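Taking it in order: structure first as structure tokens, then the write-up.
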Amino acid sequence: TVCSPKAPNCEQCPVSGFCRAFRDQSQATIPRLAKRAEITDVTEASVAVRKNKAYLLRRRTARERWAGLWDFVRFELATGDAPQIIAAIRQQTGLNVDLGPQLAELKHGVTRYRITLKCFTAETVSGALRPDEEWQWVKVASFHEYPLSVTGRKFAKLLAESLV
């Protein structure tokens, strides 16, 4: 209560005789504020891939943000054009899809990232899921049973509302 960053009361401090800041008269310069991390803007796509009235979810791996949580097919976007999105879905999942419209654009901040998330729907046409990931086909009514990322929950809510 005596040694505060904005108004230190050095005259009342019982340890001022041992204090380097008091001795050097540098109380106003400490504590040094940590340098803020530079914000990185990221644009990603989240795609709700549908098959037989169920949507594809993937458990995020330990090396990813939101490790252990479930999320829709998600990847960083370079241009955002349909061929790039379809190719990224095929690469990540092994599925060929027909891309639907963009349903929403969500803004989200996490640690040093400012994320713009473009949310799309897609319909499965063919292909088989890659076996090296943990996948689950989930009906809208069961989304609440899966721990989703914040943006995953928002997208799931949008999907549920669009079906009403």
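The values are calculated or read from the model by the stated rules, or taken from the named source; none is laboratory data. All values reported here derive from a predicted model rather than from experimental measurement. A quick note on method: Cβ atoms are made from the backbone with ideal geometry, for glycine too, and the neighbour counts reach across all protein chains shown. For the accessible areas, the whole protein counts, side chains as well, though only heavy atoms, and no ligand, DNA or RNA atoms are used. Shrake-Rupley method; radii C 1.70, N 1.55, O 1.52, S 1.80 Å.
Normalised by the number of residues in segment 1-142, what is the relative contact order in percent for Cα pairs under 8 Å and 6+ residues apart?
Working: 232 pairs, mean separation 37.0, N = 142.
Across segment 1-142, relative contact order equals 26 percent.
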About its Cα centre, what dipole magnitude does the chain give when the only charges are +1 on Lys and Arg Cβ and -1 on Asp and Glu Cβ, stated in debye to the nearest 20? 360 debye
DSSP-defined antiparallel bridges as percent of all bridges, segment 34-164, nearest 5: 70 percent
Just by accessible area at a 1.4 angstrom probe, what is the order of 107, 6 from largest to smallest? 6, 107
Residue 84 paired with residue 24, simple spin-label distance in nm, labels 7 Å along Cα-to-beta-carbon: 5.0 nm
By how many degrees, between 0 and 90 and to the nearest 10, does the Cα long axis of helix 150-163 differ from the longest principal axis of the chain? 40 degrees
Above 21 angstrom, tally the Cα pairs of segment 99-164 and express them as a % of all pairs, no decimals. 37 percent
Whichever lysines have a C-alpha closer than 26 Å to that of residue 53, once near sequence neighbours (fewer than 8 apart) are set aside: 118, 139, 154, 157
Counting only protein heavy atoms with a 1.4 Å probe and every protein chain in place, the carbon and sulfur fraction of the accessible surface of segment 27-164 in whole percent equals 52 percent
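Keeping all protein chains in place, calculate the accessible area per residue for the chain (probe 1.4 angstrom), answer in Å². Write down the numbers at each step before the final one.
Working: 10540 Å² over 164 residues.
Heavy-atom accessible area per residue stands at 64 Å².
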Kirkwood Rh, the chain, all Cα pairs: how many Å? 18.9 Å
How big is the gap, in Å, between the Cα center of segment 18-94 and the Cα center of segment 103-128? 12 Å
Between 0 and 90 degrees, rounded to the nearest ten: what's the tilt of helix 82-93 against the longest Cα principal axis of the chain? 90 degrees
